[in-house]
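The values are calculated or read from the model by the stated rules, or taken from the named source; none is laboratory data. All values reported here derive from a predicted model rather than from experimental measurement. Neighbour counts are summed over all protein chains in view; Cβ atoms, including those assigned to glycine, are modelled from backbone coordinates with ideal geometry.
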Amino acid sequence: MKGIIYRSYHIVGVAHLNEKSGYWLPRVRVLWTDAGREQKHELDGPPNRFRTKDEAEDYAVMMGENWIDKKNPVP
């Protein structure tokens, strides 16, 4: 599991092994507070691309950053 703070959002990237295929599935959870309420958004990445857990977790964090950037573009 890898976690970072990015633009006031907490990104948690995890990877789950698909034992049949041997590939790691990246999954990200983005957490933030809006008007005093906790919010979250979860995304799954491509299922048959990552041979290592670290690669999948790094990709998951990148997915979270990209989602935040699209939600809140910098002027």
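Regarding SER8, is this residue small (Gly, Ala, Ser), without any contact (Cβ under 8 Å) to a residue 40 or more places away in the chain, farther than 28 Å from PRO73 by Cα and surrounded by fewer than 16 Cβ atoms within 10 Å (Cβ to Cβ)? Show your work before the answer.
Working: small (Gly, Ala, Ser): yes; without any contact (Cβ under 8 Å) to a residue 40 or more places away in the chain: yes; farther than 28 Å from PRO73 by Cα: no; surrounded by fewer than 16 Cβ atoms within 10 Å (Cβ to Cβ): yes.
No.
Against the condition of a type in the set (Gly, Ala, Ser), modelled with pLDDT of 95 or more, part of a helix (DSSP H, G or I) and more than 15 Å from ILE5 (Cα to Cα), how does ALA60 come out, does it pass?
no
Suppose we keep only residues that are within 17 Å of TRP67 (Cβ to Cβ) and out of contact with any helix residue (DSSP H, G or I) (no Cβ under 9 Å at 6 or more places or on another chain) within segment 11-34. Which one would you say is modelled with the highest pLDDT?
LEU31
Residues LYS20, LYS40: which one is part of a loop (DSSP other than H, G, I, E, B) and loosely packed, with under 14 Cβ neighbours inside 10 Å?
Result: LYS20 is the single residue among LYS20, LYS40 that is part of a loop (DSSP other than H, G, I, E, B) and loosely packed, with under 14 Cβ neighbours inside 10 Å.
Going by what's in this entry, would GLU65 be described as surrounded by fewer than 19 Cβ atoms within 10 Å (Cβ to Cβ), in a helix (DSSP H, G or I), in contact with a Lys or Arg (Cβ under 9 Å, 6 or more places away or on another chain) and without any contact (Cβ under 8 Å) to a residue 60 or more places away in the chain? Before the answer, list the steps.
On the way: surrounded by fewer than 19 Cβ atoms within 10 Å (Cβ to Cβ): yes; in a helix (DSSP H, G or I): yes; in contact with a Lys or Arg (Cβ under 9 Å, 6 or more places away or on another chain): yes; without any contact (Cβ under 8 Å) to a residue 60 or more places away in the chain: yes.
Here the answer is yes, as GLU65 does meet what is asked.
How many residues does segment 23-37 contain that are surrounded by 12 or more Cβ atoms within 10 Å (Cβ to Cβ) and part of a loop (DSSP other than H, G, I, E, B)?
Within segment 23-37, residues that are surrounded by 12 or more Cβ atoms within 10 Å (Cβ to Cβ) and part of a loop (DSSP other than H, G, I, E, B) number 1.
I'm trying to understand the selection: among the residues of segment 1-37, which are farther than 12 Å from GLU57 by Cα and under 11 Å from the mean Cα position of the chain (by Cα)?
Within segment 1-37, HIS10, VAL30, LEU31 meet the criteria.
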